[in-house]
1. Considering only residues that are in a helix (DSSP H, G or I) and aromatic (Phe, Trp, Tyr), look in the range 115-168 and name the one that is surrounded by the most Cβ atoms within 10 Å (Cβ to Cβ).
2. Output the residues belonging to the range 84-121 that are away from the ligand (no atom under 12 Å from the Cβ), under 30 Å from Glu31 (Cβ atoms) and not polar (S, T, N, Q).
3. Quick check on my filter: what residues within the range 180-213 are away from the ligand (no atom under 12 Å from the Cβ), not in a loop (DSSP other than H, G, I, E, B) and not β-branched (Val, Ile, Thr)?
4. Given the structure, is Thr241 of a type in the set (Ser, Thr, Tyr) and crowded, with 21+ Cβ neighbours inside 10 Å?
5. Based on this model, can you work out whether Ala175 counts as in a helix (DSSP H, G or I), in contact (Cβ under 8 Å) with a residue 40 or more places away in the chain and touching a helix residue (DSSP H, G or I) at 6+ places or on another chain (Cβ under 8 Å)?
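Nothing in this text is a laboratory measurement; each read-out follows from the coordinates by a stated rule. For clarity, every value in this text was computed on a predicted model and none was experimentally measured. Glycine also receives a Cβ, built like all others from the backbone with ideal geometry; neighbour counts cover every protein chain displayed.
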Amino acid sequence: MGILEGKRALITGIASNRSIAYGVAKCMHREGAELAFTYQTEKLRPRVEKIAAEFGSDICVEMEVSSDDSIAKAFKDLKGNWLNFDVLVHSIAFAPTEELKGSFIESVTREGFKTAHEISSFSFAAMAREAKSMLNEHASLMTMTYLGSVRSVPNYNVMGPAKASLESSVRFMAADLGPDSIRVNGISAGPIKTLAAAGVSGFRSMLKHVESKTSLRRNVTIEDVGNTAAFLGSDLSAGMTGEILYVDAGYRNLGMNFDME
Ligand code: NAP
């Protein structure tokens, strides 16, 4: 029996079969969860429907997180299929590509800063607010974050402060929802080649660097992240909330790593 047997999980942020959310869906499906999905725009619906079908689901609802109405409507639409559910996976981020290269100070704009925070951070709390009345006791909410929240990383720029805000939201949301036995956590993944990641300038060099330096001497995969997400969604992690779990092959713990002469 899988660790998510009897649970229903809503998965956001699938853009392709390289998306982190795809790895999460794959692992949660393997562990017995029933899945539903969101897509950003009508144009992307066929792609997400095809992926949903792979996991035995025909529940796909539109959710464009820059709109409060769209978020509210998505949960209303979901209610047409599920009156309640157990797991919410937030796997969405965006910042203008021009701001993901070069100097942070020189590239950051008022609008870009606002957009990055709105789409990548505010959307998690906004989703939780709409989802709350549908969440079962012992529900688990999770989001995807990155080391750039707590360390400066070349070219990650405005996404760093946005992820710091997201991680702070995890802690506030965990405190809010804890009394209702609902948990909120984040997974800080190492770099993985996805559509969103391709927007960060020099991403290939980042992958090479991590692979050669990190403790496990490899980059992580969407399945590595998906397995941790399945654990977080399950009752095996029942005592954990407000945490950021690092799935980064050990990179976060290194102060320095070079060959001794
Ligand atoms: P991805 O496959 O490109 O997924 C990003 C998702 O965000 C896409 O499905 C995209 O939808 C969605 N999205 C962007 N703006 C949206 C909006 N306004 N409304 C609704 N959806 C929107 O990339 P990913 O790497 O898997 O990213 C998933 C999460 O993991 C992000 O939070 C990212 O920061 C985080 N993360 C990634 C890495 C990495 O190295 N890849 C590492 C750590 C954390 P469309 O494609 O339809 O625009």
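1. By that ranking, first place goes to Phe124.
2. Phe85, Asp86, Val87, Leu88
3. Once the filter is applied, which keeps residues that are away from the ligand (no atom under 12 Å from the Cβ), not in a loop (DSSP other than H, G, I, E, B) and not β-branched (Val, Ile, Thr), the range 180-213 yields Asp180, Arg183, Asn185, Ser205, Lys208, His209, Glu211, Ser212, Lys213.
4. When the stated conditions are applied, Thr241 passes them.
5. No, not satisfied.
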